[in-house]
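Below is one structure, written out as structure tokens; comments come after it.
The values are calculated or read from the model by the stated rules, or taken from the named source; none is laboratory data. On a predicted model such as this, the values are computed, not experimentally measured, just so you know. Backbone-built Cβ (ideal geometry, glycine too); neighbour counts: all protein chains shown.
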Amino acid sequence: MSNRVAIIGVGMNKFGELWDQNLRDITLEAGMYAIFDSGVRGADIDGIVIGNMSAGRFTGQEHLGAQAADMGGLGDMPAYSVEAACASGGAAVRHAYMAIKSGEHKVMLVLGTEKMSDVNQTEAMNTISVAADWEWEGMFGATFPALYAFMARRHMMEYGTTEEQLAKPTVKNHANAAHNPWAQFQRPVPIGVVMNSGLLADPLRVLHSAPITDGAAGLVMCSEDLAKKYTDTPVYIEASEQNSDTLALHDRPSITRMDAVIKSTRSALQEAMLEITDIDVFELHDSFSIGEIILTEDVGIAKKGEGGKALDEGITEIGGKFPVNTSGGLKARGHPVGATGVAQIVELALQLRGDAEKRQVDGAEKALAVNIGGTGATSIVHILGR
Amino acid sequence: MAEQGVAGVWRRIRSIYNIQGNKCETCKTFYFPPRPVCPECRRKGRLVDYQFKGLGSIYSFAIVRQAPEDFKRQIPYVIAQVELDEGTRLTAQIVNVDPEDVKIGMRVRACFRKIKEFGHGGVIVYGYKFEPTMKVTGHDLKKDQKSSSVTK
């Protein structure tokens, strides 16, 4: 296949609650690391795409495209800002993919960023809630965890998923993050602690939920013919797909699956001419642990209703048949909402290059990322290969 | 400029106060909140106002224990997806019941309550919440049974 789109550089800042750094600092750091990693010069880059959900509410600053070009000293090049709630990062990757594929751009810097810890808890909760239907869910008292609790409770009723299974993605993802120097929580957490953590919205607990995180991630992407000039280990985007669903969770026929994910995964596999069993490593959007359980079913790793069983059998652990969230996922790497979709691609590129150190999946050749916006109203799927 | 929240609530009053949605005469599907376009029929759709009966059952629910400032005073409260008898679902609080007694499938009916305030001294939003159908408002059946068994 010619004219593929390549990822030639990756970078991110160390995720966390970073009181000593502002939005510009973390975005710049991730972008610089990606550029250094790629070997391109600033002058080679001809455009920037930045994914961000809500800097206007989290920090008071909008117009992040121009800000990134300015702070990076990249001059007058075009800079695009894209938003799709928690899928903003994935959207940025897809926009750059389309721009390069079309020939309009040659070498692009892709960024995802979110600075969340500058506001108080109420503002943070309300800002996250607007990823769902604010007028008809949030305004009536449905917090974002409550919406995922609706899914969890139905999944438990329809398929017998247990509280223990609900805790297992957290345990697995923390164990993975212990080997990820960029993660927010680099430590394991025992299952008993997860199961006894404070309730957010029954049946969901604090440790079922991704944290508030400040973080940014970056990629340098270019066309295949240019990639070899810069690196011996390019990673290629073999498929990029996106689907939408209703904004409000209550408008969907089922809340124990995400139709947008099912559709975008299916078309991505078709586009890449692969089966799900060809994929060696996954990053699935685990903003809540029930999300990871549902997504393992929706992408086809587990049968419908058996996402919990897949965890019991360990098939989604590193060393298992389908490793999921080797980075620590949103739960333990951290979830700066606009950066997450880019950070997923950073992890998968490292895995395919063989640079994932202690969390390396041996011989990984194909990788798949699912980035979700809201409660599944946007699904963006990327398949990478080397 | 309107006071924060006023215009946004005022223009939705019929829906929020009375559960008024719409129905597509072409495909006979009910919508709440009212939809501007029928997603099934699009330009062939014919949407007319519809007053929902306000009866339904609980499809799924959560007991909210951490909430933003506007709802903090109500913690812990039950928020649910209610499946209305017309077939559509909405998101609303469940009241007049002990949170621990709420079950999926429980029959509920709409009631008119204060939803929230837009900050201190801000506009008060009223609208629909739901309560179990088989109970007299404010009357706790379970506790009654307990106390009567004690007196025996």
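General observations
- Among residues of the range B:113-152, those that are surrounded by 13 or more Cβ atoms within 10 Å (Cβ to Cβ) and modelled with pLDDT of 90 or more, counted: 11
- Cross-chain or 6+ apart pairs with Cβ under 6 Å, the range A:287-313 first and without any contact (Cβ under 8 Å) to a residue 24 or more places away in the chain, then of a type in the set (Ser, Thr, Tyr): A:302/A:296; A:310/A:296; A:310/A:316
- Taken together, the residues in the range A:55-93 that are hydroxyl-bearing (Ser, Thr, Tyr) and touching an Asp or Glu at 6+ places or on another chain (Cβ under 6 Å) amount to 1.
- So residue A:83, is it of a type in the set (D, E, K, R) and crowded, with 24+ Cβ neighbours inside 10 Å: no
- Hits in the range B:1-28 (condition: more than 17 Å from the chain's Cα centre (by Cα), within 11 Å of chain A (Cβ to nearest Cβ) and assigned to a loop (DSSP other than H, G, I, E, B)): B:5, B:11
- Any hit, the range A:138-161, residues being within 14 Å of another protein chain (Cβ to nearest Cβ), within 26 Å of residue A:18 (Cβ to Cβ) and not in a helix (DSSP H, G or I): yes
- Candidates B:75, B:79, filtered to the one that is under 22 Å from residue B:116 (Cβ atoms), within 13 Å of chain A (Cβ to nearest Cβ) and surrounded by 15 or more Cβ atoms within 10 Å (Cβ to Cβ): B:79
- Condition met for residue B:98 (within 12 Å of another protein chain (Cβ to nearest Cβ) and in contact (Cβ under 8 Å) with a residue 40 or more places away in the chain): no
- Residue count for the range B:51-72 under the criterion of being surrounded by fewer than 17 Cβ atoms within 10 Å (Cβ to Cβ) and either under 12 Å from the mean Cα position of the chain (by Cα) or more than 10 Å from chain A (Cβ to nearest Cβ) (or both): the result is 3.
- Counting only helices (runs of 4 or more DSSP H) that sit wholly inside the range A:49-132, those with at least 1 residues that are within 17 Å of the chain's Cα centre (by Cα) are A:88-102, A:121-129.
- Residues that are buried (at least 24 other Cβ atoms within 10 Å of the Cβ), over 22 Å from residue A:316 (Cα atoms), aliphatic (A, V, I, L, M) and more than 10 Å from every other protein chain (Cβ to nearest Cβ) do not occur anywhere in the range A:201-215.
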